[in-house]
Amino acid sequence: MMKVKFNVKDKSALSFLKENLLECLIDDNKHRIDDDQSPYYLMKDEMYFKIDCKIKIGEHFKIEIFDRSRLSGKELVNQYTYRCEKYDDVALKMVLLDFNIQAK
């Protein structure tokens, strides 16, 4: 079982991604992220973070996003677990290891 060193929950997920995801650091209208947007569309199999983020090479981190099922109305927890790898001298690559949905 992998040990998660860093956990980001729903309310702070968007601000965490805005601070660290290279795609979000581009200052133009195409990449602009509003505070009321869902972080779902930012979640990918691979993401590239700035090299000086809180995650270190080899560490695992989890992002949990809470939602509600449209059919049943049950609360859902979408869990994305990533591993940090070196990409180049200015970026780290976050590789999706596991995606899990749990009903509460």
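Could you run through segment 43-85 and say how many residues are of a type in the set (A, V, I, L, M, F, W, C), without any contact (Cβ under 8 Å) to a residue 24 or more places away in the chain and either under 18 Å from Phe99 (Cβ atoms) or buried (at least 17 other Cβ atoms within 10 Å of the Cβ) (or both)? Walk me through how you get there before you give the answer.
Keep residues of segment 43-85 that are of a type in the set (A, V, I, L, M, F, W, C), which gives 43, 47, 49, 51, 53, 55, 57, 61, 63, 65-66, 71, 76-77, 84.
Then keep just the ones that are without any contact (Cβ under 8 Å) to a residue 24 or more places away in the chain; that gives 71.
From the residues that got through so far, the ones that are either under 18 Å from Phe99 (Cβ atoms) or buried (at least 17 other Cβ atoms within 10 Å of the Cβ) (or both) too are none.
Number of matching residues: 0.
Does segment 51-61 contain at least one residue that is among the charged types (D, E, K, R) and part of a strand (DSSP E or B)? No, because not a single residue in segment 51-61 is among the charged types (D, E, K, R) and part of a strand (DSSP E or B). Considering segment 62-77 alone, what residues qualify as being aliphatic (A, V, I, L, M) and in a loop (DSSP other than H, G, I, E, B)? Residue satisfying the conditions is Leu71 alone.
Taking the residues in segment 7-34 that are modelled with pLDDT under 75 and either touching a helix residue (DSSP H, G or I) at 6+ places or on another chain (Cβ under 7 Å) or hydrophobic (A, V, I, L, M, F, W, C) (or both) as candidates, determine which candidate is surrounded by the most Cβ atoms within 10 Å (Cβ to Cβ).
Initial filter on segment 7-34 (modelled with pLDDT under 75): 24-34.
The next check asks that each one be either touching a helix residue (DSSP H, G or I) at 6+ places or on another chain (Cβ under 7 Å) or hydrophobic (A, V, I, L, M, F, W, C) (or both); those that pass are 24-26, 31, 33.
Working: Cys24: 18, Leu25: 12, Ile26: 10, His31: 12, Ile33: 16.
Top of the filtered list is Cys24.
The values are calculated or read from the model by the stated rules, or taken from the named source; none is laboratory data. This structure is a prediction, so every number in the text was calculated from the model and none was measured. Please note: Cβ atoms are built from the backbone with ideal geometry, for glycine as well, and neighbour counts cover all protein chains shown.
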